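K.L.:
This is the structure I have questions about; it appears just below.
The values are calculated or read from the model by the stated rules, or taken from the named source; none is laboratory data. Owing to the predicted nature of the structure, the values given are computational and were not obtained by experimental measurement. Cβ placement follows ideal geometry from the backbone for every residue including glycine, while neighbour counts extend to all protein chains displayed.
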Amino acid sequence: MNSHLLRWAAAPTLALAAAGACSGAGADRTVAVGAVDYRFSGMDGFAGRAGERVEFVLTNTGSADHEFEVFDADGKAVGEVGPTSAGKTKKVTLKLAKPGTYRFVCGVSDHEARGMTGTFTVT
């Protein structure tokens with residue numbers, strides 16, 4: 001394979017790793033997250049442990065695109081499931097590096113302002 005293609009193909013993976021994301025392999029557990037009509041489901045009662053790797057699987061059962069972005073206690077982006085079309089499922093594995101209250105949002109258009117946001121605790 002052409003080395004230019006290898007560098008191009010590796011760039012998104014490296015960007016996710018730098019943001020705290022990792023491949024689905026090696027996840028400590030999987031959490032199913034639903035997105036529909038400006039709300040998330042599946043996160044009620046979720047709590048993480050510092051150092052844990054969690055695979056978040058976002059299923060969009062609504063009619064609009066949605067995302068699932070996670071920010072740590074300092075407001076730093078941990079990673080995200082990018083835009084996910086209606087009827088589709090995407091996933092990401094994130095490392096919850098340190099304790100605190102994490103925030104998750106849908107970064108599409110005005111979805112966060114319309115209520116697509118929440119928090120969870122990492123101990």
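K.L.:
Could you run through segment 9-41 and say how many residues are at pLDDT 65 or above, under 13 Å from the mean Cα position of the chain (by Cα) and surrounded by fewer than 16 Cβ atoms within 10 Å (Cβ to Cβ)?
P.N.:
2
K.L.:
What do you reckon, is S3 within 14 Å of the chain's Cα centre (by Cα), polar (S, T, N, Q), more than 25 Å from E112 (Cβ to Cβ) and at pLDDT below 95?
P.N.:
So S3 does not fit the description; no.
K.L.:
Suppose the filter is surrounded by fewer than 21 Cβ atoms within 10 Å (Cβ to Cβ) and not acidic (D, E); does G79 pass it?
P.N.:
Taking the combined requirement at face value, the residue does not satisfy it.
K.L.:
Continuing with this model, one more query. Working only within segment 84-115, note down all residues that are closer than 20 Å to A27 by Cα and touching a residue at least 40 places away in the same chain (Cβ under 8 Å).
P.N.:
Scanning segment 84-115 gives K91, V92, T93, L94, K95, L96, A97, K98, P99, Y102, F104.
K.L.:
Here is a list of conditions, (1) on the phi < 0 side of the Ramachandran plot; (2) in contact (Cβ under 8 Å) with a residue 40 or more places away in the chain; (3) part of a loop (DSSP other than H, G, I, E, B), and R53 meets all of them except one; can you say which number that is?
P.N.:
(3)
K.L.:
Which of the residues that make up segment 74-123 are closer than 13 Å to A64 by Cα and either acidic (D, E) or at pLDDT below 95 (or both)?
P.N.:
D110
K.L.:
Given the conditions (1) touching a Pro at 6+ places or on another chain (Cβ under 6 Å); (2) surrounded by fewer than 17 Cβ atoms within 10 Å (Cβ to Cβ), which single one is not true for E67?
P.N.:
(2)
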